[in-house]
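Here's the structure, in structure tokens; my notes come after.
The values are calculated or read from the model by the stated rules, or taken from the named source; none is laboratory data. Predicted model, so just to flag it, every value in this text is computed and none were measured. Neighbour counts are summed over all protein chains in view; Cβ atoms, including those assigned to glycine, are modelled from backbone coordinates with ideal geometry.
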Amino acid sequence: MKHFFKLGIAALSIASSAQAHVVFNETEAAAGAFHTAQLRVMHGCDGEPTNRVTVIIPEGVTRVTPRAISGWTVEVSMVTLDKPILLHGFEVTDVVGSVTWSGGTFPDYAYEQFEIRMMLPDTPGERLDFPVHQGCETGELNWDDIAGHDEDPWALKEPAPFIFLEPN
């Protein structure tokens, strides 16, 4: 059933990607591995240009590094973990909780791509949701609807971009 659901999602993603508004170029990645996620923001807000994009990093994702984009400022916000973790023999107490690009702009009729390199958790079969807040001159779009376990994320009005974790 799980694979059937995922095959259905993959088929829908091909048909729906033109309709989707904020999506990852790849919706599958190897669990427990480094992954460079390319997030496409497909338009502005009701005719207005986009001037800020914030991506919320889900729990379990570590070693987050955003790509700098010419003309934009990039900022990371850290969160303190309830329990420290070990990464390559070092104790880590804080991880990136969100990444924000601001100061640049792109028009409503265009798209922009934002990249984040990250270490994904080693939890094959899990779906990671990355809520996105898209800021424009006078408004904001929140791509933060999260699908239930067996629910189609593409059926949501403002779906959070997601990545399925595959066995490595």
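Taken together, Thr123, Thr105 contain a single residue that is assigned to a loop (DSSP other than H, G, I, E, B), modelled with pLDDT of 95 or more and either of a type outside the set (Phe, Trp, Tyr) or within 25 Å of Ala147 (Cβ to Cβ) (or both), which is Thr123.
Which of the residues spanning segment 33-59 are buried (at least 16 other Cβ atoms within 10 Å of the Cβ) and more than 10 Å from the chain's Cα centre (by Cα)? Across segment 33-59, the qualifying residues are His35, Val41, Met42, His43, Gly44, Cys45, Glu48, Pro49, Thr50, Asn51, Arg52, Val53. Only one of the numbered conditions (1) at pLDDT 95 or above; (2) in a loop (DSSP other than H, G, I, E, B) is not met by Ala110, and that is (1). For beta carbons closer than 9 Å, sequence separation of 6+ or different chains, a first residue in segment 117-128 that is at positive phi and a second that is surrounded by 14 or more Cβ atoms within 10 Å (Cβ to Cβ) and assigned to a loop (DSSP other than H, G, I, E, B), the qualifying pairs are Gly125/Ala31. Going by the conditions given, is Gly125 of a type in the set (Gly, Ala, Ser) and within 15 Å of Thr27 (Cα to Cα)? Considered against the rule, which asks whether it is of a type in the set (Gly, Ala, Ser) and within 15 Å of Thr27 (Cα to Cα), Gly125 comes out as yes.
Here segment 75-116 is the region considered, the condition is being within 15 Å of the chain's Cα centre (by Cα) and under 18 Å from Val23 (Cβ atoms), and the residue that is surrounded by the fewest Cβ atoms within 10 Å (Cβ to Cβ) is Gln113.
Give me a count of the residues in segment 152-167 that are free of Cβ contacts under 8 Å to residues at least 24 places away in the same chain, in a loop (DSSP other than H, G, I, E, B) and either exposed (fewer than 12 other Cβ atoms within 10 Å of the Cβ) or touching a His at 6+ places or on another chain (Cβ under 6 Å) (or both). I'd like the intermediate steps shown before the answer.
Just the residues of segment 152-167 that are free of Cβ contacts under 8 Å to residues at least 24 places away in the same chain, to begin with: 155-157.
From what's left, in a loop (DSSP other than H, G, I, E, B): 156-157.
Keeping just the survivors that are either exposed (fewer than 12 other Cβ atoms within 10 Å of the Cβ) or touching a His at 6+ places or on another chain (Cβ under 6 Å) (or both) gives 157.
Residues meeting the conditions: 1.
For residues in segment 126-151 being touching an Asp or Glu at 6+ places or on another chain (Cβ under 9 Å) and part of a loop (DSSP other than H, G, I, E, B), which is nearest to Thr36 (Cα to Cα)? Restricting to residues being touching an Asp or Glu at 6+ places or on another chain (Cβ under 9 Å) and part of a loop (DSSP other than H, G, I, E, B), the top hit is Pro131. Do we find that Pro58 is in contact with a Leu (Cβ under 6 Å, 6 or more places away or on another chain) and touching a residue at least 60 places away in the same chain (Cβ under 8 Å) in this structure? So Pro58 fits the description; yes. Does segment 137-149 contain at least one residue that is in contact with a strand residue (DSSP E or B) (Cβ under 8 Å, 6 or more places away or on another chain), over 18 Å from Ile69 (Cα atoms) and of a type in the set (Phe, Trp, Tyr)? There is at least one residue in segment 137-149 that is in contact with a strand residue (DSSP E or B) (Cβ under 8 Å, 6 or more places away or on another chain), over 18 Å from Ile69 (Cα atoms) and of a type in the set (Phe, Trp, Tyr).
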